[in-house]
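The values are calculated or read from the model by the stated rules, or taken from the named source; none is laboratory data. Note that the structure is a prediction, hence the values are computed from the model and not measured. Please note: Cβ atoms are built from the backbone with ideal geometry, for glycine as well, and neighbour counts cover all protein chains shown. Remember, those area values only see protein heavy atoms, side chains included, never the ligands or the DNA or RNA. Shrake-Rupley method; radii C 1.70, N 1.55, O 1.52, S 1.80 Å.
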Amino acid sequence: MSEDKKTNQFAKHAIAVMKTEKKKISILKLNTMKKKKEPVAWVTAYDLPFAYAAEQAGIDLILVGDSGGMVQLGYKTTNPVTMDEMITLASSARRGAPNTFLIGDMPQGSYEPSSRDAVINALRFVKEADCDAIKCEGGERIIDKVKAMVDAGILVMGHLGLTPQSTSSFGGYRVQGKTVESFEKTLKDAFELQKAGIFALLLEAMPAEPAGQIAKQLDIPVYGIGTGDMVNGQLVIMHDLMGFYQPFRPWFAKCYIPEVAKGFADYIVSLDDHRQVGREHRRDGLLVLAEMAVLKYIEDVKNKVFPGEEYSYAIGDKQLALLKKSEYWKE
Ligand code: KIV
């Protein structure tokens, strides 16, 4: 098939998908998807337009990450963002995506001081921003807080590997799980979190093989950002996917705009008179481009095209052989 025909077909397909009714995913479905080896596709979003685009494209989950402190609010790291700011970002995302499973990311300082703080702030995400779940960084060191939130009836997602809120304890933004020590510590933390009752775990910045081992050994779904294709689903930061964040983009993040730009341009010029579309639900601008980019990302995740080797961290043969000798590695 010619490239032109393919892009036109994608544009038509994209517009049709956006018209279908969206239904919120359940944690039972997430567990079934793990069993059936169907990858989950999710993105971050921090405001109405991008959350709307993600929902229209049919995303499985949306994370209102504390990365919003950087990509949306302009802080240099994720650490300055406050709980109040996170609530504003999450509420806005919820209004854009009323039918999508929404996860609020606990910012630094909102859960570490005490279990009481953790429960109160997690409940703020649920009550004030209508989030379905929360995510927090760390393993053993925060296990009492995780248990307290789970006991309060809150759905908690764990986050291990490279955890940006505590990068200074890793000596900067470093890929995790490459050494036996780092792999074993991450696996042990993952089991502790699972025992404490988290519904899913996110791993960040690890080579595919150690991340895949953790996904294989845990019963709950294990997703990844920058962790290769052996986990149960993929997360990408929306502003990386759109090419909207100028300072830097991690190697594992793919911008999808180049792949959908032609289909978008063909679609837009095919509209005769934009004003005849009417005042409501006009589909003649950047929102359509954003929806197309998210849709292409979802297709790539579901078809196991993304992340592939190109967007994954490699591990050397010698290092992998050492990991495989760990008493915790299971073939
Ligand atoms: O804040 C965020 O977006 C995150 C991801 C980087 C995993 O926590």
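Before moving on, here are some points about what is shown:
- Relative packing of 196-206, 61-71, 20-30, 134-144, which averages over residues the other C-beta atoms within 10 Å, highest first: 61-71, 196-206, 134-144, 20-30
- Extension gain (nm, one decimal) between Lys37 and Ile143, 0.36 nm per residue minus Cα-Cα: 35.3 nm
- Lysines with Cα under 17 Å of Lys35, excluding same-chain neighbours fewer than 8 positions away: Lys216, Lys302, Lys304
- The slack in the chain from Glu21 to Leu271, taken as 0.36 nm per residue of separation less the alpha-carbon distance, amounts to 87.6 nm.
- Report note on the peptides 43-53, 320-330: ranked by the mean count of other C-beta atoms within 10 Å, highest first, their order is 43-53, 320-330.
- Farthest toward positive dipole pole in the chain [+1 Lys/Arg, -1 Asp/Glu at C-beta], among Gln194, Thr44, Met70: Gln194
- When each of Lys22/Lys324; Lys24/Lys147; Lys6/Lys37; Lys37/Lys147; Lys76/Lys330 is checked by Cα-Cα distance, pairs over 32 Å: Lys22/Lys324; Lys76/Lys330
- Under the Karplus curve 6.51 cos²θ - 1.76 cosθ + 1.60, θ = phi - 60°, whole-Hz ³J(HN,Hα) for the stretch 7-19, x wherever Gly or Pro sits: 5, 5, 5, 5, 4, 5, 4, 4, 5, 5, 4, 4, 7
- Label-point gap, in nm, between Leu322 and Arg116 - each point 7 angstrom along Cα→Cβ: 4.5 nm
- Compactness relative to 2.2 N^0.38 Å, alpha carbon Rg of the stretch 268-331: 2.12
- With only the Cα atoms considered, the stretch 1-151 has a convex hull volume of 150 Å³ per residue.
- Dipole magnitude for the chain: computed about the Cα centre from +1 point charges on Lys and Arg Cβ and -1 point charges on Asp and Glu Cβ, it is near 540 debye.
- Backbone phi angles across the stretch 258-271, fed through the Karplus curve with coefficients 6.51, -1.76 and 1.60 (θ = phi - 60°), yield HN-Hα couplings of x, 6, 10, 4, 5, x, 5, 4, 4, 5, 5, 6, 6, 7 Hz in residue order; Gly and Pro are listed as x.
- Dimensions of the stretch 231-295 based on its C-alpha atoms, expressed as ranges along the principal axes with the largest first, amount to 45, 25, 18 Å.
- For the stretch 205-331, the Cα-based Rg and Dmax, in that order, read 19.4, 67 Å.
- In this structure the amide hydrogen of Leu202, modeled in the peptide plane, comes within under 5 Å of the amide hydrogens of Gly158, His159, Leu160, Tyr223, none closer than 5 places in sequence on its chain.
- Across the stretch 170-216, the volume of the C-alpha convex hull divided among the residues equals 79 Å³ per residue.
- Radius of gyration over Kirkwood radius for the stretch 1-86, both on Cα atoms: the Rg/Rh ratio is 1.09.
- Hz values of 3J(HN,Hα) by residue in the stretch 86-92 - Karplus curve (6.51, -1.76, 1.60), Gly and Pro given as x: 4, 5, 5, 4, 5, 5, 5
- Protein heavy-atom surface of the chain, 1.4 angstrom probe: 53% of the accessible area is carbon and sulfur, with nucleic acids and ligands not counted.
- The chain: calculated mean residue ellipticity at 222 nm from DSSP helix runs of at least 4, using -39500 (n - 2.57): -14000 deg cm²/dmol
- Residue separation of Thr77 and Arg174 scaled by 0.36 nm, minus their Cα-Cα distance, works out to 33.4 nm of gained length.
- Inter-probe distance in nm under a simple model that places probes 7 Å from Cα toward Cβ, at Asn303 and Arg279: 4.1 nm
- All Cα-Cα distances of the stretch 95-191, cut into 10 Å bins from zero to the largest, leave 16, 43, 30, 11, 1 percent in each bin in turn.
- Accessible surface comparison of Thr82, Thr167, probe 1.4 Å, protein chains only, largest first: the order is Thr82, Thr167.
- What the Kirkwood sum gives for the stretch 147-245 is a hydrodynamic radius of 13.9 Å, with every pair of different alpha carbons counted.
- Derived from the Cα gyration tensor, the three semi-axes of the equivalent ellipsoid of the chain are 33, 24, 17 Å, largest first.
- Relative contact order of the chain, taken over Cα pairs closer than 8 Å and 6 or more residues apart, is 18 percent.
- Take the chain with all the other protein chains still there, run a 1.4 Å probe, and you get 47 Å² of accessible area per residue.
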